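The values are calculated or read from the model by the stated rules, or taken from the named source; none is laboratory data. Quick caveat: nothing in here was measured; it's all calculated off a predicted structure. We place every Cβ from the backbone using ideal geometry, glycine too, and count neighbours over all the protein chains shown. In case anyone asks, the SASA skips ligands and DNA or RNA and just uses the protein heavy atoms, side chains included. Shrake-Rupley method; radii C 1.70, N 1.55, O 1.52, S 1.80 Å.
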Amino acid sequence: MSYLDSLKSIVRGKMLINEPMSKHTSYRIGGPASAYIIPNDREDLAQILRFSHDHNIPAYFIGSGSNLLVSDNGIDGIVISPARSLKSLKIEGTTIYAESGVMLGRLVKECIRNNLTGLESLVGVPGTLGGALIMNAGAFGGEISNYLDSVDIMKMNGEIKVYKTSDIRFSYRFSSFKKDEFIIMAKFTLTNEDPGVIKKKKEIASNGRKTNQPLKYRSAGSVFKNPEKFPAGYLIDQVGLKGTKIGGAEISTHHANFFINNGNASSADITQLIKLARKSVFEKFDIELELEIKTIGIEPESLEAHD
């Protein structure tokens, strides 16, 4: 009996074997994962994590796959997502309790509906709350960590631990959560605000996104973090790479920090564009572009600016 048979016997949620990851990333790129699991609840998740830990099976945690590039060779291990199960969202006064599978758009919408300000700059940002916390998602001057009180995580042995915000290091598109910690829930405290003021802030963020980003195409959002002096998109534009195509992938003509899948792009097509952009920007500006998107199964060397 393979470990997949044993695992299937304990999973109460949904488990798909040899599931193409192209179905679970916004890029629509990625080979098969040995198992793709949506846990039924926290107890189910604890069982799965313990099994993975006890049998030394690699486990990868993803949200909705909106900032993720997965190798065409797939994933030898299990992928666990809370996106369709851990979706509880509760608002009590100015306090929000949200599980990691809650979509960011839903969280923002509910806060606005309750006249709570703080997260409206994230309107239109794709993905789940868990993924947003890991990358400290932000837009138009706001970051998700700004209003965070605490986060519940589950360790690989099934134990739940609560982090206060002061226990976690946050910076630009960075958090200190460990790779073997599964985010379960987060608590936020916002402030009440006049609905008109909130609406105006939301519209500024929404219009900025529509104007500046190629939202009609398959992408994973911004590929690189913005360096201190200049936005990554500006630098890539300045080295003349806007519109550059490799295979089915293209550096967007709308925003050069968005690399899009024109329909049949492979992970290798995207990685070659990443390497090209890094190399060109480094040669002209002596600036090392740092990845914002997450990767699974991609060799680090294939993404480096230097051979």
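Here are a few things to note about the model shown:
- Selection status of LYS216, assigned to a loop (DSSP other than H, G, I, E, B) and modelled with pLDDT of 90 or more: no
- Residue in the stretch 272-294 that is at pLDDT below 95 and surrounded by fewer than 16 Cβ atoms within 10 Å (Cβ to Cβ) present: no
- Filtering the stretch 253-271 to residues that are of a type in the set (S, T, N, Q) and either in contact with a Pro (Cβ under 8 Å, 6 or more places away or on another chain) or surrounded by fewer than 18 Cβ atoms within 10 Å (Cβ to Cβ) (or both) leaves THR253, ASN257, ASN262, ASN264.
- Taking the stretch 1-69 as the region of interest, the strands (runs of 3 or more DSSP E) fully inside it that hold 3 or more residues being open to solvent by less than 70 Å² (accessible area, probe 1.4 Å) are 14-20, 32-38.
- Within the stretch 3-31, residues that are more than 12 Å from GLY74 (Cβ to Cβ) sit with their Cβ atoms under 7 Å from residues that are open to solvent by 50 Å² or more (accessible area, probe 1.4 Å) and among the aliphatic types (A, V, I, L, M), at 6+ positions apart or across chains, in these pairs: LEU4/ILE17.
- Across the stretch 109-123, a minimum of one residue is classified as more than 23 Å from ALA46 (Cα to Cα), in a strand (DSSP E or B) and over 14 Å from the mean Cα position of the chain (by Cα).
- Enumeration of residues in the stretch 129-170 that are open to solvent by 20 Å² or more (accessible area, probe 1.4 Å), outside any helix (DSSP H, G or I) and among the aliphatic types (A, V, I, L, M): MET135, MET156, ILE160, VAL162
- Members of the stretch 81-102 found to be buried (at least 20 other Cβ atoms within 10 Å of the Cβ) and either part of a loop (DSSP other than H, G, I, E, B) or not small (Gly, Ala, Ser) (or both), listed by number: SER81, PRO82, ALA83, SER85, LEU86, ILE96, GLU99, SER100, GLY101, VAL102
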